[in-house]
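Heads up, the thing below is written out as structure tokens.
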Amino acid sequence: MSKTPRITPVILSGGSGTRLWPLSRKALPKQLLPLAGAGTMIQETVARAQGEGFAAPLIICNQEHRFLIAEQLRAAGVTGAQIMLEPVGRNTAPAAAVAALRVMEGDPDGLVLLMPSDHVVQDRAAFLRAIALAQKAARDGALVTFGIQPTEPQTGYGYIKAGAELATVSGAFAIARFVEKPDAATAQAYLAEGGYYWNSGIFLFQARAFLEELARLHPRMLECCRDALAHAHTDMDFIRLEEPAFVACPSDSIDYAVMEKATSAVVVPVEMGWNDIGSWQALWDIAPRDASGNAVQGNVLTEKTKGSYLRSEGPLVAAIGVENLVVVATKDAVLVSHRDSAQDVKKIVDQLDKAGSDRHVLHPVVHRPWGTYEGVDAGTNFQVKHIMVKPGAKLSLQMHHHRAEHWIVIEGTALVTCDERQFLLQPNESTFIPLGAKHRLENPSKTPLRLIEVQSGSYMGEDDIVRFEDTYGRITEEKKT
């Protein structure tokens with residue numbers, strides 16, 4: 001008896017989530033945040049496709065997020081995952097192609113479950129039933145997408161019109177056509193007519209079948225993806241696609257490039273509590289709400305407030321006598337919007353970008369492979385940071401030309417390298433790193449190391465660095481002065 005091919009969950013993690021600013025930012029986008037559950041969105045996406053019948057996941061992301069994703073997978077207890085790094089974004093069709101090529105290397109009959117990393121699925125049992133049904137069609141060569149049963153005349157989603165039911169798989173339908181995001185009247189007509197489903201952007205297909213369609217429809221795209229994977233190299237736990245080949249690849253979505261033209265496109269309708277979390281309004285839609293219709297999280301007080309999404313990541317937010325607002329407060333920014341205008345948050349992000357601000361890029365707490373740092377104060381010729389180094393982690397061996405540093409340990413144990421000396425610092429102990437000294441900070445213990453760093457000098461920028469070794473002890477050529 002032939003072995004049933006396993007399903008490889010392929011998680012696409014390339015978005016920046018600008019409509020969920022100020023919580024979601026380029027360096028820490030929405031899929032890496034716990035927006036709709038106890039885990040982050042990517043953790044919950046991976047978790048819903050684990051267990052019998054599933055292989056270890058393949059994550060496709062950009063290099064800026066690689067360590068954060070690796071750490072979040074480790075924290076969630078995920079083993080065996082592969083993380084593939086795109087040198088540039090090329091939309092979902094090339095990502096699906098390199099994933100299918102990778103799956104075929106290990107299993108010529110393998111199936112790919114392609115999922116965005118930032119969707120919510122509240123009914124996992126319904127999700128798994130839909131996967132089991134779709135798997136039957138995919139084994140016969142169908143390219144399956146999942147259509148969400150609409151609950152309202154939504155204008156923010158594309159739609160799929162279902163055609164005839166498959167003779168071999170009850171509950172799966174040939175796709176009659178894909179429909180762009182409609183206006184309100186058209187969406188209402190779809191809802192009244194029936195047979196139209198929201199396009200979820202989730203797909204299941206046999207890797208070989210997808211690649212055969214891509215070869216027919218976009219041979220150049222497939223050629224570039226083959227080259228990018230064939231010349232990829234392993235960097236620690238990451239697979240780096242070759243940059244020239246992937247840069248040369250045409251950019252297109254899987255819908256436009258393949259699904260709309262495929263000869264065997266199939267839709268499986270499903271009701272599974274799905275939401276793509278594209279705005280604060282979407283989070284209000286799925287969040288638990290009080291008797292006044294408020295979704296409240298964090299340090300928030302309300303009085304005579306109705307129908308609002310109120311969230312604080314730090315400062316106290318007090319809302320009085322308001323209705324249908326979104327108020328989101330972080331340490332360095334506050335968003336106030338009417339719920340109906342929540343889609344326009346991207347326009348504020350565009351203003352920040354044009355103004356040269358980094359408030360849409362970085363949080364006050366900046367994540368690094370070794371831990372985090374947070375700016376506490378800054379002024380003429382000085383800067384103060386709170387640094388946390390994870391157990392067993394270390395910073396790169398480096399030197400500064402324009403600044404000296406004072407380190408004061410407040411928790412844990414620090415192993416300090418300063419030129420030829422190495423020594424330990426305990427809480428309430430400090431050291432001075434002179435300008436021009438070759439230095440490194442390490443945490444040799446099993447608990448986090450926390451310290452205050454006071455920089456003093458004529459220039460505090462990140463480019464006042466000469467690195468001799470990176471965080472992993474490898475010789476580096478990076479020299480900035």
What full-extension length gain, to one decimal in nm, is calculated for residue 248 and residue 355 as 0.36 nm per residue of separation minus the Cα-Cα distance? 35.4 nm
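Calculate, for residue 382 and residue 132, the FRET efficiency according to 1/(1 + (r/R0)^6) with r their C-beta to C-beta distance and R0 60 Å; round to the nearest 0.05.
In this case the efficiency is close to 0.45.
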Shape verdict for region 122-183, please, from the Cα gyration tensor: rounded (a/c under 1.5), prolate (a/b greater than b/c) or oblate. oblate
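Round to a whole number: what % of the accessible area of the chain belongs to carbon and sulfur, probe 1.4 Å?
Answer for the chain is 50 percent, counting heavy atoms of protein chains only.
Determine the equivalent ellipsoid of the chain by diagonalising the alpha-carbon gyration tensor, then write out the semi-axes as square roots of 5 times the eigenvalues, largest first, rounded to whole Å.
Three semi-axes, in Å: 43, 30, 19.
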Under 5 Å from the placed amide H of residue 469, counting only residues 5+ away or on other chains, we find 397, 476
Can you bin region 206-279 into rounded, prolate or oblate? Criterion: square roots of the alpha carbon gyration tensor eigenvalues sorted a ≥ b ≥ c, rounded for a/c under 1.5, prolate for a/b above b/c, oblate for the rest. oblate
What pairs from 30/346; 306/346; 331/446 go past 18 Å between their alpha carbons? 306/346; 331/446
Which Cys residues of the chain have no other Cys Cβ less than 4.7 Å away and so no disulfide-compatible partner by this rule? 61, 225, 418
Order of 371-383, 392-404, 290-302, 199-211 by packing, highest average Cβ count within 10 Å first? 199-211, 392-404, 290-302, 371-383
Residue 230 to residue 56: extension gain in nm, 0.36 nm per residue of separation minus the Cα-Cα distance? 60.5 nm
Listed by chain and number, the residues whose amide H is under 5 Å from that of residue 376, excluding neighbours fewer than 5 places away on the same chain and using placed H, are 384, 385, 386
Most to least packed among 87-95, 424-432 [average Cβ atoms within 10 Å]: 87-95, 424-432
Please compute the length gained on full extension between residue 404 and residue 64, using 0.36 nm multiplied by the number of residues separating them and subtracting their Cα-Cα distance. 119.6 nm
With each run of n ≥ 4 DSSP H residues scored as -39500 (n - 2.57), what mean residue ellipticity at 222 nm is computed for the chain after dividing by its residue count and rounding to the nearest 500 deg cm²/dmol? -6500 deg cm²/dmol
Measuring from label point to label point, each 7 Å out along Cα→Cβ, what is the residue 304 to residue 188 span in nm? 3.5 nm
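So with the 1.4 Å probe, I'd like the accessible area per residue for region 261-318, rounded to whole Å². It would help to have the intermediate numbers written out before the result.
On the way: 2600 Å² over 58 residues.
Accessible area per residue, region 261-318: 45 Å².
The values are calculated or read from the model by the stated rules, or taken from the named source; none is laboratory data. Note that this is a predicted model, so its numbers are computed, not measured. A quick note on method: Cβ atoms are made from the backbone with ideal geometry, for glycine too, and the neighbour counts reach across all protein chains shown. All accessible areas refer to the heavy atoms of the entire protein, side chains included, with ligands and DNA or RNA removed. Shrake-Rupley method; radii C 1.70, N 1.55, O 1.52, S 1.80 Å.
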